[in-house]
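Participant: This is the structure I have questions about; it appears just below.
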Amino acid sequence: MRLRVALAERVASLLVLLVAWEAASRWAHSRLFPGPEAVLATLADEAVRGGLLHDLGATLARVAIAFTLAMVIGTVLGIAMARSRAIDTLLDSGVVLLLNLPALVIAVLLYIWLGLTEAAAIGAVTLSKLPTVVVTLREGARTLDRDLADMAKSFDLGVWRTLRHVTLPQLAPFFLVASRTGLALIWKIVLVVELLGRPDGIGYAIQVFFQLFDVRRLIAYALAFVAVVLAAEWGVLQPLERRLARWRR
Amino acid sequence: MAPVTVAITVAIDEKRYSGRAGVGPVTALRGLRAQIGPSEFCVVTGPSGCGKTTLLNIIAGLDRDFTGSLSFAPSDHGAPRIGYVFQSPRLLPWRTVRGNVALVQPRADRAGLDELLADVEMAAMADAYPAQLSGGMARRAALARAFAIAPDLLLMDEPFLSLDAAAADRLRSLLLRLVTARPATVLFVTHDLAEAVALADRILVLSPAPGRVVAEMPIALARTERDDPDTLSALRAELARLAGHPIEPRIQRK
């Protein structure tokens, strides 16, 4: 029942958005401000005959690889920094530097050093996201419960089972926060990186449409991208969050 | 596999905590000698801060930073299986009661687990998460977890603290039933003399920090005769004389 009300509200707010868009485009009456109908038709056409799926796939692959790399490396570094003062001292300046270095600078530098390659693109996205994961997981690892660690040790659970059942569940909320903020960040950076130095992907397509002043395609590609982001949020992150919070009262 | 109850010989020369910010170094234990026999129910008591928990952590192998020795017999049996019941239940909040107990004994079959949970009167709550349990239930679950590994040695650190008197009484009788059915050597820490007398085969009294054993007294009374107030105050006076310091009266609980 609550779900149905929520769904109705969502549909209503989408309708408001569509009506406003349609009205604005009629009022502007310009090739540069297409209405929803034209854009949706272009979207369908591009999906079937154009390069939309290819570009979307290329972008998603980059997002997936960079996200995984940043989460894994960032988690390991974050935990290591929380546990060892020496490692923390050694790496902290690097983390602070990366945290404050604009993603654009990282991307340009990597393209100069590694050429306009896939490795440079993925590396730039990974490096932009890495420091936030490190900082979040370091914070999480610092709050690990020593009492539970002692319990695991006294019952001789072993390294793997302790990690799997005692340590990682405590880090899960931090991992989730890092995933969330990280994804939001990556979605934005990946387009910039593609625009600067890749021959495919949504970012590259946006650049082409900009040069052609092809606003219909531009908005169609952007909408497809937003749809995927929302699907990831509703289809993966939110169910995961609910599952992880199951035991909370 | 039936547990082989162990005997313990403790000879701790010194256990020091190095100081941290704002706290100087502390010597928690010094010259502590104790023998605990196989299947003995040994209760350790003493003033606050005398190193009772430290002693348990050393025996559990959680703390190896001490001088002295610690040995278990029979030694050919390998390291003894130790069930530790902590002062707080220390259950994993993201696992159910059954999941918490199963974690320490992954090879246990479901029937064995169910039987154990029934023994601690937690069968109905087997699928509840710790946040849904009362204090007494959480302690039953912790007790079941300790017994799940069929321990040779059971270490208990004021496990019934902060329960109301009736609940603590019920858990004490439950513990005695469990130990009868599933024999283990027990080392039980409490600062409550009435609790010590109710449970112990033998009571060890530690001195104020740095802790060492200053008195010991076997309790030969039948368990039914142990809650008599006169007996209790006589024992308290005797222990205080042996220990050379007053024994804290029973904490009044509401």
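Each value in this text was obtained by applying a stated rule to the coordinates, not by laboratory testing. Here the structure is a predicted model, which means the values were calculated and not measured. A quick note on method: Cβ atoms are made from the backbone with ideal geometry, for glycine too, and the neighbour counts reach across all protein chains shown.
Participant: With θ set to phi - 60°, apply the Karplus curve 6.51 cos²θ - 1.76 cosθ + 1.60 along the range B:160-167 and write out the HN-Hα couplings as whole Hz, x wherever there is a Gly or Pro.
Facilitator: With the stated coefficients, the range B:160-167 comes to 10, 4, 6, 9, 6, 4, 5, 5 Hz.
Participant: Can you compute the helix-only [θ] at 222 nm over the protein assembly as shown? Use -39500 (n - 2.57) per DSSP H run of at least 4 residues, normalise by all residues, nearest 500 deg cm²/dmol.
Facilitator: -18500 deg cm²/dmol
Participant: A further question follows. With the cut-off at 1.5 for a/c, could you classify the range B:1-146 from its C-alpha gyration tensor as rounded, prolate or oblate? Show your work: numbers first, answer last.
Facilitator: Working: a/c = 2.49, a/b = 1.52, b/c = 1.64.
Verdict is oblate for the range B:1-146.
Participant: Then there is this: Take chain A, connect every pair of alpha-carbon atoms lying under 10 Å apart with a spring to form a Gaussian network, then pick out the residue of A:172, A:149, A:232 with the largest mean-square fluctuation.
Facilitator: A:149
Participant: What Kirkwood hydrodynamic radius, in Å, does the protein assembly as shown give when the mean of 1/r is taken over all pairs of distinct Cα atoms and then inverted?
Facilitator: Value: 27.8 Å, from the Cα pair sum.
Participant: Roughly speaking, what is the stretch gain from residue A:244 to residue A:230, that is 0.36 nm per residue apart minus the C-alpha to C-alpha distance, in nm to one decimal?
Facilitator: Result for the pair: 3.0 nm of gain on full extension.
Participant: For a quick check: with amide H placed at 1.01 Å from N, whose amide H comes under 5 Å from residue B:189's, ignoring anything fewer than 5 positions away on the same chain?
Facilitator: For residue B:189, the qualifying residues are B:44, B:156, B:157, B:158.
Participant: Using modelled amide H (1.01 Å from N, peptide plane; none on Pro or chain starts), what sits under 5 Å from the amide H of residue B:28, excluding residues fewer than 5 places away?
Facilitator: Long-range HN contacts for residue B:28: B:15, B:16, B:17.
Participant: Okay, next question. Between A:145, A:45, A:88, where does the largest GNM mean-square fluctuation fall for chain A, given springs only between Cα atoms within less than 10 Å?
Facilitator: Looking only at A:145, A:45, A:88, the largest GNM fluctuation is found for A:145.
Participant: Shifting gears a bit: Note the angle between two axes, namely the Cα long axis of helix B:135-148 and the longest principal axis of the Cα atoms of chain B, as a number of degrees from 0 to 90, rounded to the nearest 10.
Facilitator: Compared with the principal axis, the helix lies near 90 degrees.
Participant: Ok, one more. List the residues whose amide H sits under 5 Å from the amide H of residue A:35, counting only those 5 or more places along or on another chain, with H placed 1.01 Å from N in the peptide plane.
Facilitator: Here nothing satisfies the definition.
Participant: Ok, one more. For the protein assembly as shown, with the dipole built from +1 on Lys and Arg beta-carbon atoms and -1 on Asp and Glu ones, taken about the Cα centre, which of A:87, B:231, B:245 lies farthest toward the positive end?
Facilitator: So the residue we want is A:87.
Participant: Work out from phi, with θ = phi - 60° and the Karplus expression 6.51 cos²θ - 1.76 cosθ + 1.60, the ³J(HN,Hα) of each residue of the range A:108-117, listed in order in whole Hz, and give x for Gly and Pro.
Facilitator: Taking θ as phi minus 60°, the curve returns 4, 4, 5, 5, 5, 7, 9, x, 7, 10 Hz for the range A:108-117.
Participant: With angles folded into 0 to 90 degrees, how steeply does helix A:36-48 sit against the dominant principal axis of chain A? Use alpha carbons for both and round to 10.
Facilitator: 70
Participant: To continue, here is another question. Taking the Cα centre of the protein assembly as shown as the origin, how large is its charge dipole in debye, to the nearest 20, when only Lys and Arg (+1) and Asp and Glu (-1) carry charge on their Cβ atoms?
Facilitator: Computed about the Cα centre, the dipole is about 560 debye.
Participant: Ok, one more. Compute from the Cα atoms of the range B:93-149 the Rg and the Dmax, the latter being the longest Cα-Cα distance, and quote both in angstrom.
Facilitator: In order Rg, Dmax, the Cα atoms of the range B:93-149 give 9.8, 28 Å.
Participant: With θ taken as phi - 60° and the coefficients 6.51, -1.76 and 1.60, list the Karplus ³J(HN,Hα) couplings across the range A:187-197 in order, rounded to whole Hz; mark glycine and proline as x.
Facilitator: So the J values, rounded to whole Hz, are 3, 7, 5, 4, 5, 4, 5, 5, 4, 6, x.
Participant: At a 10 Å Cβ-Cβ cut-off, how would you order A:194, B:216, A:233, fewest neighbours first?
Facilitator: Arranged by neighbour count, lowest to highest, A:194, B:216, A:233 become A:233, B:216, A:194.
Participant: Place a point 7 Å from Cα of residue A:38 in the direction of its Cβ. Which residues in the range A:187-215 have their backbone N less than 12 Å from it?
Facilitator: Residues A:214-215 qualify, since their backbone N sits under 12 Å from the label point.
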